[in-house]
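Colleague: My questions will all concern the structure given below.
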Amino acid sequence: MKYPVSILLAAAWSAAPVSALRDGQALTPPMGWNSWNHFRGGLTEAKFKAIANAFVSTGLRDAGYKYLVIDDGWLEAGRDAGEGLITVAKNFPSGMKALGDYAHDRGLKFGIYACPTKTTCMRRMGSFGHEAQDAKLFASFGVDFLKYDWCGVQSGEDTAGVTVAEVKRRYVAMRDALKATGRPIVYSMSEKGQGTKGIEPGTWSDTVAHMWRIGYDIHENWASVLSHANENADLSQYASPGGWNDPDMLEVGNGDLTVGENRAHFSLWCIQAAPLILGNDPSAMTDAIKAILVNREAIAIDQDSLGIQGRRIRGKGALEVWVKPLKGGEKAVLLFNATAADASIEVRWNDSLMGWKADALADVRDIWNAKDIKGAKGGYAATVPSHDAVLLRIRNASATGLLKSGWFKCLGRQVLSRDANGRSDWNRRTPAFKAP
Ligand code: GLA
């Protein structure tokens, strides 16, 4: 019997094996806020509520930010008579369930922090050996997101003798404990290669977590932002819908980053399909910071459903060009100026990962400047101020109607293959055909 090619290809797609954690969560990079970068261990219930309210009033929620995550500092150092975790009552007198309800009542989601070690980095109680009990408690709070953070050196705990296999076992134990609660909980692995003594998290995280920190902590300065973007630059093969590299929580709005640096920082995270977890105080942000964070066109690049982490095609550490293929054949391009002087940066349509004809015509949307350039031939150049970025969304205007037909869409899907772990193969996910 003969079936149309489209049906055969669709069947091949749906029959692709999926990994243990492909549970339909985090199909785009998670978006939200975490208390650590701005408040460290000093968050209070009143502040949490103010931030939840700000999420609604500033439009952050409606722009897509959902998870409000309370980081280290919410736990006491001991356990109660029933071996349960104890919330710091001084800072959170109503308890965690009330804060979960507060977030949910406002159309938001609730997240919390715990550790697979005996102690947290602030030397509070860890979940080691209590995974099932603690996961149940988190679920009873209404938790929708768990950051599970490896703490050794920072907490003073001696983890030197903990084997790599044991580190992995502990992360899997909490994954399974969360699953056993029956509550959908996004699992954010913050192991950083620290417990595994330098093993790249992306090599084993895919079946364990929905997102994973790729390195040590970000700080509110330009050098730190750059080094985290750099560290993530060559890890795109590990990211795909349901599992994301996490270059750490955003510092947009913190420290002395200029508006241009904040814009570049946010753009780098968007082109890298990084989780957008804010780290500022959204209840006290300036209009300039808000304008960056709620820009829907920038967010749409991060959240593109193809789920490809963009790559830097040239200019490392200087005049950088990044490309991120988007659903439907469009390309996001980041022109990023890491140098100390303003400069012109150009992308060519036949550049690597662009893959269009050298003389193609394309329509360019300059996102931060809200400017449209129609029919740009061969490429596009922009003057980019020092420590700033121009973020573009580009459509090949030379493409014929055929490219938009079901046939080509179908072929486009077929190249988005996955390996046995359900992880997509980046190279095969780039369009397999050249525009005419
Ligand atoms: C580690 C993590 C940070 C934060 C702190 C809390 O350093 O990497 O993101 O969670 O612990 O103590």
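Colleague: Using Cα atoms only, what is the angle between the long axis of helix 45-57 and the major principal axis of the chain, expressed in degrees (0 to 90) to the nearest 10?
Modeller: Once rounded, the angle reads 20 degrees.
Colleague: While we're looking at this one, here's another question. Please build a GNM for the chain, connecting alpha carbons under 10 Å apart, and tell me which residue among Gly195, Gly255, Gly111 fluctuates the most.
Modeller: Gly255
Colleague: Answer rounded, prolate or oblate for the stretch 252-339, using the Cα gyration tensor with square roots of eigenvalues a ≥ b ≥ c: rounded when a/c is under 1.5, else prolate when a/b is larger than b/c, else oblate.
Modeller: oblate
Colleague: Taking the number of other C-beta atoms within 10 Å as the exposure measure, put Trp322, Trp33, Trp204 in order starting with the fewest.
Modeller: Trp204, Trp322, Trp33
Colleague: Using 0.36 nm times the number of residues separating Glu200 and Ala89, minus their current alpha carbon distance, what extension gain do you get?
Modeller: Full extension from Glu200 to Ala89 adds 36.2 nm.
Colleague: When the label point is put 7 Å from the Cα of Glu231 along its Cα-to-beta-carbon vector, which residues of the stretch 134-148 have a backbone N closer than 16 Å?
Modeller: 148
Colleague: GNM on the chain, C-alpha springs below 10 Å: top fluctuator among Ser386, Ser236, Ser35?
Modeller: In the Gaussian network model the winner is Ser386.
Colleague: Follow-up question, since we're still on this one. Antiparallel DSSP bridges in the chain: what percent, to the nearest 5?
Modeller: 60
Colleague: Tally Lys and Arg at +1 and Asp and Glu at -1 over the other residues with C-beta under 15 Å from the C-beta of Thr163: what net charge comes out?
Modeller: +1
Colleague: Which of Ile289, Ile185, Ile271 ends up with the largest GNM mean-square fluctuation for the chain, with Cα atoms connected below 10 Å?
Modeller: Maximum among the listed residues: Ile289.
Colleague: Sticking with the crude label model, points 7 Å out along Cα→Cβ, report the distance from Lys377 to Leu27 in nm, one decimal please.
Modeller: Spacing of the two 7 Å Cα→Cβ label points: 4.2 nm.
Colleague: Angle check, please: helix 164-181 long axis (alpha carbons) against the longest principal axis of the chain (alpha carbons), in degrees 0 to 90, nearest 10.
Modeller: 90
Colleague: I've got another one for you. What GluC sites (Glu not before Pro) in the stretch 37-134 are in a loop by DSSP, with at most 13 other Cβ atoms within 10 Å of the Cβ?
Modeller: Glu83
Colleague: Most exposed first by the Cβ proxy, i.e. fewest other Cβ within 10 Å, how do Ser205, Ser155, Ser94 rank?
Modeller: Ser94, Ser155, Ser205
Colleague: If you count the DSSP beta bridges with both ends in the stretch 43-193, what percent of them are antiparallel, to the nearest 5?
Modeller: Looking only at bridges with both residues in the stretch 43-193, the antiparallel portion is about 20 percent.
Colleague: Next up: Assuming R0 = 56 Å, can you tell me the calculated FRET efficiency for the pair Ala180 and Asp363, based on Cβ-Cβ distance, to the nearest 0.05?
Modeller: Calculated transfer efficiency: 0.65.
Taken together, the values in this text are just the output of simple stated rules run on the coordinates, not laboratory data. All of these numbers come straight from a predicted model, not from anything done at the bench. A quick note on method: Cβ atoms are made from the backbone with ideal geometry, for glycine too, and the neighbour counts reach across all protein chains shown.
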